[in-house]
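*Asks:* Structure below; questions to follow.
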Ligand SMILES: O=C(O)CCC(=O)C(=O)O
């Protein structure tokens, strides 16, 4: 595989990459104590096939149907989300008012999808309490050619004005192998203290933003002596992760576009970060 993140190549070698551990075995029958134990041991839970694949693909189709048709390769179905190679003229900047992603995260079909009681039940089992989903739910859409991806970071650096008892659910809305821009997790990194990775923040392609750890995934892995855990995500899979695990995403280099949702849950009796109490917009600064 030829992989890169934010335009920087990262060799796909056993030194730098290893597969994610699946926790499908803990789902049937559901074993909340073992799921919690696994989440805290690994920093993440990879739950293949948790959601109905057809429903996930329907959501994908609904989103891509909101664009002028020339976003999609001729003769392809919106559910496939195949990029034509051209962003139609007149589409506002990504995720701001007027862009389809902005309206989509405020729509009833999106609400129904993320409001699936199955997700809230899982979050309640993992946090061992009644839970609330934070209203700031992010839709991420990447297509080939942009060389843009999520830099290595921990979620807590973006939500440190509230309780640290948070679980994030990352849901690929469509198949998402590494080359389509899959998420990768630095193994065991939820156990690192922030001081251990602080030096990496000095080498950055975004000097104005101190929250990210690094855009350089190879340097991050080598400096911290840990591999990136990856998988071939399919529509229906769900990832859950802790707020202190280092993760990032790879560049989208396939014709299939990358679409995903991330949603976060906190305990109902905890104080959430106030920046996460409004629907997401790409220019909300949070
Ligand atoms: O989807 C991405 O690229 C990043 C998602 C993420 O960082 C998260 O879900 O916490």
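*Asks:* Taking 2.2 N^0.38 Å as the expected size of a compact globular protein, what ratio does the Cα radius of gyration of region 58-206 give against it, to two decimals? Provide the component values of the computation, followed by the final result.
*Replies:* Values: Rg = 17.9 Å, N = 149, 2.2 N^0.38 = 14.7 Å.
That works out to 1.21 for region 58-206.
*Asks:* Suppose the chain between residue 76 and residue 195 were pulled fully straight at 0.36 nm per residue; how much longer would it get relative to their current alpha carbon spacing?
*Replies:* Numbers: separation 119, 0.36 × 119 = 42.84 nm, distance 4.84 nm.
Extra length available between residue 76 and residue 195 comes to 38.0 nm.
*Asks:* So, one more: Convex hull volume of the Cα atoms in region 30-87, per residue, in Å³?
*Replies:* Working: hull volume 6.7 nm³, N = 58.
Dividing the Cα hull volume of region 30-87 by its residues yields 115 Å³.
*Asks:* What three numbers, in Å, describe the spread of the alpha carbons of the chain along their principal axes, ordered from the longest?
*Replies:* Rounded to whole Å, the extents work out to 47, 40, 36 Å.
*Asks:* In what sequence do 83, 64 fall when counting other Cβ within 10 Å, fewest first?
*Replies:* 83, 64
*Asks:* From Cα pairs below 8 angstrom and at least 6 apart in sequence, can you work out the relative contact order of the chain, rounded to a whole percent? Walk me through the intermediate numbers first.
*Replies:* Working: 606 pairs, mean separation 94.9, N = 286.
Once normalised by length, the contact order is 33 percent.
*Asks:* Can you put 23, 193 in order of Cβ neighbours within 10 angstrom, beginning with the fewest? It would help to have the intermediate numbers written out before the result.
*Replies:* Details: 23 20, 193 8.
So the residues, fewest neighbours to most, are 193, 23.
*Asks:* Just need the relative contact order of region 1-98 here, percent rounded to a whole number, with Cα pairs under 8 Å and 6+ apart. Please report the intermediate quantities before stating the final value.
*Replies:* Values: 76 pairs, mean separation 15.0, N = 98.
So the answer I get is 15 percent.
*Asks:* Which value, in Å³ per residue, describes the convex hull spanned by the Cα atoms of region 1-139?
*Replies:* It is 167 Å³ per residue.
*Asks:* Among 206, 137, 60, which one shows the highest mean-square fluctuation when the chain is modelled as a Gaussian network with alpha-carbon springs under 10 Å?
*Replies:* 206
*Asks:* Can you compute the helix-only [θ] at 222 nm over the chain? Use -39500 (n - 2.57) per DSSP H run of at least 4 residues, normalise by all residues, nearest 500 deg cm²/dmol.
*Replies:* Values: 7 runs with 58 residues, N = 286.
Result for the chain: -5500 deg cm²/dmol, rounded to the nearest 500.
*Asks:* Ok, one more. Taking the alpha carbon gyration tensor of region 140-202, what are the square roots of 5 times its eigenvalues, largest first, to the nearest whole Å?
*Replies:* Values: eigenvalues 121, 50, 29 Å².
Over the Cα atoms of region 140-202, the ellipsoid semi-axes are 25, 16, 12 Å.
*Asks:* Taking just the alpha carbons, could you work out the radius of gyration and Dmax for region 139-286, both in angstroms?
*Replies:* Cα only, region 139-286: 15.1, 44 Å (Rg, Dmax).
*Asks:* Using only the C-alpha atoms of region 241-284, find the volume of their convex hull and express it per residue in Å³. Present the calculation step by step, with values, prior to reporting the outcome.
*Replies:* On the way: hull volume 5.7 nm³, N = 44.
In region 241-284, the Cα convex hull volume per residue is 129 Å³.
*Asks:* Quote the relative contact order of region 187-236 in percent (integer), defining contacts as alpha-carbon pairs under 8 Å separated by 6+ residues. Numbers along the way, then the final one.
*Replies:* Working: 25 pairs, mean separation 17.6, N = 50.
Worked out over region 187-236, it gives 35 percent.
None of the figures in this text is laboratory data; all of them are computed from the coordinates on show. Not measured: the values here are computed from a predicted model. Every residue, glycine among them, receives a Cβ derived from its backbone with ideal geometry; neighbour counts consider all protein chains shown.
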